[in-house]
Amino acid sequence: MAGIDISKCLVCREQRGEVVLPGGFLINDDSVVAFHCPPVPGAETPYLGYLFVTSRRHVPSFAELQPGEAAAMGTAIAALSAALKTEGAERVYVISVGHTWPHLHVHLIPRWPETPAEVSWMNVDDWEGARRGGASEVEVMTLQLRTRITAN
Ligand SMILES: [Zn+2]
């Protein structure tokens, strides 16, 4: 399980623009690239507001970040969490797992207010009323969130 071919890394491919991201990047700088979970042909439509915050460098986890990169990741996570709350999210779950792709990517998952109390945090994107949308809804959400983060 030593490194993988970076040309095949999904996160690197998303950063290089090889995956269609409706509305484009939310953040794209030397340390951080952030974007909405994109619609993928053949997969379920995305949960609206489901964001990824990724390290620019292909490193497996927070442990390999330089201090400046770690600060930038934290700042991005805070700004995007605040933007989701401004859009009406009650909570924003922040998760880093990394079993599938060894390139640091943090999941930001909003809990929208219509979510029944009995739906656990793990299923907030997977109950029958979960907000989902295709490319046009993802684009609208991306543009709204980008406006929120640039306003601060
Ligand atoms: Zn990568």
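On the protein heavy atoms, probe 1.4 angstrom, tell me the percent of accessible surface of segment 27-106 carried by carbon and sulfur.
Values: 2140 of 3790 Å².
Percent of accessible area from carbon and sulfur atoms in segment 27-106: 57.
Using 20 Å as the cut-off for backbone N distance, which residues of segment 1-41 belong to the label zone defined by a point 7 Å from the Cα of SER136 along Cα→Cβ?
20-24, 36-41
Name the most mobile residue of ILE77, ILE27, ILE95, meaning the one with the largest mean-square fluctuation, in a Gaussian network model of the chain with Cα contacts below 10 Å.
Among ILE77, ILE27, ILE95, the largest GNM mean-square fluctuation belongs to ILE95.
Is the shape of segment 1-94 best called rounded, prolate or oblate, per the rule: a/c under 1.5 gives rounded, else a/b larger than b/c gives prolate, else oblate, with a ≥ b ≥ c the square roots of the Cα gyration tensor eigenvalues?
Here segment 1-94 falls in the oblate category.
Report, in cubic angstrom per residue, the convex hull volume of the C-alpha atoms of segment 72-138.
Measuring per residue, one finds 120 Å³ for the Cα hull of segment 72-138.
With everything on Cα atoms, drop me the angle between helix 135-150 and the longest principal axis of the chain, reported from 0 to 90° to the nearest 10.
Between the helix axis and the principal axis of the chain, the angle is about 70 degrees.
Using Cα pairs closer than 8 Å and at least 6 residues apart in sequence, work out the relative contact order for segment 6-150, in percent.
Values: 235 pairs, mean separation 42.9, N = 145.
Computed over segment 6-150, the figure is 30 percent.
Collect residues whose amide H, placed 1.01 Å from N in the peptide plane, falls under 5 Å from the amide H of VAL106; neighbours closer than 5 in sequence don't count.
Under 5 Å from the amide H of VAL106 lie the amide H atoms of VAL53, THR54, each far enough along the sequence or on another chain.
Taking R0 as 22 Å, what FRET efficiency do you get between ASP29 and PHE62 from their Cβ-Cβ distance, rounded to the nearest 0.05? Display every interim value, and only then the final one.
On the way: r = 18 Å, r/R0 = 0.81.
Here the calculated transfer efficiency is 0.80.
Leaving out ligands and nucleic acids, and using a 1.4 Å probe, what accessible area per residue does the chain come to in Å²?
Per residue, the chain has 53 Å² of solvent-accessible surface.
So which cysteines in the chain don't have a second cysteine's C-beta under 4.7 Å from them?
So far as the 4.7 Å Cβ criterion goes, CYS37 stand without a partner in the chain.
Note down the nm distance, to one decimal, between modelled labels 7 Å out along Cα→Cβ at LYS85 and at VAL20.
3.5 nm
Once both labels are modelled 7 Å past Cα along the beta-carbon direction, what's the VAL119-LEU143 spacing in nm?
Modelled inter-label distance: 2.6 nm.
For an R0 of 25 angstrom, estimate the FRET efficiency from the Cβ-Cβ distance between ALA70 and TRP127 and round to the nearest 0.05.
0.15
The values are calculated or read from the model by the stated rules, or taken from the named source; none is laboratory data. Everything numeric here is computed off the predicted structure, so don't read it as measured data. Here the Cβ is made from the backbone with ideal geometry for all residues, glycine too, and neighbour counts use every protein chain on show. Each accessible area value is taken on the protein alone, full model and side chains, heavy atoms only, with ligands, DNA and RNA left out. Shrake-Rupley method; radii C 1.70, N 1.55, O 1.52, S 1.80 Å.
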